[in-house]
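The values are calculated or read from the model by the stated rules, or taken from the named source; none is laboratory data. Not measured: the values here are computed from a predicted model. Cβ placement follows ideal geometry from the backbone for every residue including glycine, while neighbour counts extend to all protein chains displayed. These accessible areas exclude ligands, DNA and RNA; they are computed on the full protein's heavy atoms, side chains included. Shrake-Rupley method; radii C 1.70, N 1.55, O 1.52, S 1.80 Å.
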Amino acid sequence: KRRVHGGLGFVLADVKQDDGCLRKFAPSVGRSNMFNQHEETILELFAIIYRQMLSLSTVATLPTEYESPPVNLALELRQHGPSILHFGNGTFFKAFLASFANDAITRQHSGWRDMSILAVNMHSDSSAQSQQDGLYAVKEVGVCSTAQDRVSIVASVIECVCAKQDFQYVAKVLLSKQVHTVSLTITAPAYVCNQELKDCASRVQRGCPPTTVWGFLFVALKERRMLGIPAFRILSCDNLPRNGSCAKDVLYAYSSLLDKEMGDWIRGNVFAPNTAVDRIVVQHPTVPKCDAYELGNGIHTSVEVLTEKYKLFVVDESCREGFYPFPFDGLPGVLVVEDASIFSEVKLRVMNGIHYALACWRLYEFMSTRAYEQHQACLGSVPDFVNRPLIAAGLRNMLFQEVVPHLLGVRGLDVSLYARTVLERIGNPKMDDPIARLLHHPSRKIGERLLKSIHVVDQSPLLIFTVTACVMGIREYLRKEDRMKDCLVVNDSEECVARYRTLAQTLSPEQFSRAVLGALDTKCVTAELMNRVCNQCHELARCGFESSLRNCIAESDLQIPH
């Protein structure tokens, strides 16, 4: 627009979005000086104007290798209306729960008509996805370089809305008898009944519309109870132990602030099974139409998700309780077990523990080698780091020597096989997963994903090394934060970051380590652990990252299984 100025307005005014006008109009424009000077720009704009976007009317024209439910089934779902309401229309939801629902629709699995999803974001809109009739592309890549990738079009999301803008519509859908499940991907920090949540409850009590997920759930369940409509199931897909129990506890605490009797009713009548969710998803931005991803045959999409072929959804058998059947039961990749929290614990220690460990290692290496001064803009990707021989050896030793032996008693899961699968998956070169996204919320993840795996301090050299690298890396980052604006963000609650920032400027590495670990809400932090971490601080400062890691690998003294 800046290059063409007023001439562009003249062109667009005559175009009028008519398919035939490009042929009619281009010859006359070609005789003008404006077109001669800006021919490339104008033709590019014409191409964008007439760019065919993914929608129900264009999906059938995609190449045959794109898998998607038949259009008649997608239309039937939209006429039927939503049966699942999901809070948190983010990348993981698109690659996980919506993908499972799409599998059911494509296969016409029993109950597939109950898989239509209304996707709700609390504050941000999803206009790009809405303009595509809710459709988007999911690219699944295999671990082997020879494995064929798979691209599917997901049609299970029939509508996307913003709760802040459409709160009345969201409230109305939650009262529908055909809504059997409210699913959640709202991240672990949302499962806390803090002062902010109490303030939101007081506003609801004064008659204001709800501004939190828990407010919407409370109001809807209270109305459904009054109308004699059975309670929906709450299905948490967030990555925290006993996520269903946590969701129910927070909802009970929130409800009790407004109506104690209603809180008691929720505790006895609302089912929230625990789940374990496992799939690596790369964050792909939603792009404007002019930068849309091309699928094939001239069809573009603004919303594309990159993920792996592996996906596992473990759910408590309590999901089968209540008025409504569980529609995901029996789908490939869905496992209904007696206690999903056991699987969740294994996944947190193995997959999430290894992910967080490699992020800590890379953060310390990045800061200690002063890579940011060479204008290296980020920490790089997970596969690039993991496939370095020294890093791969360190992760294998830590996993099989210090983590897996304490998880072998889990019934129904081959933990060693799962651990080997995890190492293959995180090293997948096709998954360009940025390390920086793994560093968020150290105040929670250090205890949850690292310290819980330390059973005997003297027999956990690599876990101690990881905890030390994490704390030292955070300290160095905060001391040089003013030079790191474009590199990465060590993200946590405002209170934690403010405390860490103050301590990093005034305390030595050993004192900082003691202060950070001592503030963690965990019983795993002992005097012996503190002393080992302080010793490791000296070792890192004296020998550097790679030499210290080699020493810890030698200390672990493990024969790695093939």
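Restricting segment 473-490 to residues that are at pLDDT 75 or above and surrounded by fewer than 17 Cβ atoms within 10 Å (Cβ to Cβ), which is nearest to SER443 (Cα to Cα)?
Step by step, filter segment 473-490, then rank; the result is ARG479.
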*Of the conditions (1) buried (at least 18 other Cβ atoms within 10 Å of the Cβ); (2) among the β-branched types (Val, Ile, Thr); (3) at pLDDT 85 or above, THR526 clears all except one; give me its number.*
(1)
_Residues that are outside any helix (DSSP H, G or I) and surrounded by fewer than 20 Cβ atoms within 10 Å (Cβ to Cβ), drawn from segment 426-469_ = GLY427, PRO429, LYS430, MET431, ASP432, PRO434, HIS440, HIS441, HIS455, VAL456
*Looking at ARG279, is it under 19 Å from ALA101 (Cβ atoms), basic (Lys, Arg) and free of Cβ contacts under 8 Å to residues at least 60 places away in the same chain?*
no
*Please indicate, with yes or no, whether at least one residue in segment 287-295 is open to solvent by less than 20 Å² (accessible area, probe 1.4 Å), touching a residue at least 12 places away in the same chain (Cβ under 8 Å), in contact with a His (Cβ under 6 Å, 6 or more places away or on another chain) and of a type outside the set (Lys, Arg).*
yes
*Name the residues in segment 325-343 that are open to solvent by 30 Å² or more (accessible area, probe 1.4 Å), more than 30 Å from ASP433 (Cα to Cα) and not charged (D, E, K, R), would you?*
PRO325, GLY330
*Within segment 224-239, count every residue that is aliphatic (A, V, I, L, M) and in contact (Cβ under 8 Å) with a residue 60 or more places away in the chain.*
2
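For the structure I just gave you, tell me whether LEU439 is of a type outside the set (Lys, Arg), in contact with a helix residue (DSSP H, G or I) (Cβ under 8 Å, 6 or more places away or on another chain) and under 26 Å from PRO383 (Cα atoms).
Yes, satisfied.
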*Filter result (crowded, with 21+ Cβ neighbours inside 10 Å and farther than 13 Å from SER156 by Cα) within segment 108-125*: VAL120
*Please go through segment 132-149 and pick out each residue that is at negative phi and at pLDDT 90 or above.*
GLN132, LEU135, TYR136, ALA137, VAL138, LYS139, GLU140, VAL141
_Anything in segment 63-107 that is farther than 14 Å from ALA155 by Cα, open to solvent by 20 Å² or more (accessible area, probe 1.4 Å) and touching a residue at least 12 places away in the same chain (Cβ under 8 Å)? List them, or say none._
PRO63, GLU65, GLY90, THR91, PHE92
*asked:* I'm told TRP361 meets every condition in (1) at pLDDT below 90; (2) more than 30 Å from ASP316 (Cα to Cα) except one. Can you identify the failing condition by its number?
replied: (1)
_Any chance VAL404 is buried (at least 18 other Cβ atoms within 10 Å of the Cβ), within 30 Å of PRO509 (Cβ to Cβ) and at pLDDT 90 or above_ = no
*Does PHE271 meet the test of being under 27 Å from LEU348 (Cβ atoms), surrounded by 20 or more Cβ atoms within 10 Å (Cβ to Cβ) and not basic (Lys, Arg)?*
yes
*Taking LEU348, is it touching a strand residue (DSSP E or B) at 6+ places or on another chain (Cβ under 7 Å), modelled with pLDDT of 90 or more and either open to solvent by 50 Å² or more (accessible area, probe 1.4 Å) or of a type in the set (A, V, I, L, M) (or both)?*
no
*List, please: which pairs have Cβ atoms under 8 Å, are six or more places apart or on different chains, and start with a residue in segment 353-370 that is of a type in the set (Lys, Arg) and end with one that is part of a helix (DSSP H, G or I)?*
ARG362/PHE385; ARG362/ILE435
_Looking at segment 191-200, can you tell me whether even one residue there is crowded, with 17+ Cβ neighbours inside 10 Å, out of contact with any Phe, Trp or Tyr (no Cβ under 8 Å at 6 or more places or on another chain), more than 20 Å from TYR293 (Cβ to Cβ) and modelled with pLDDT of 90 or more?_
yes
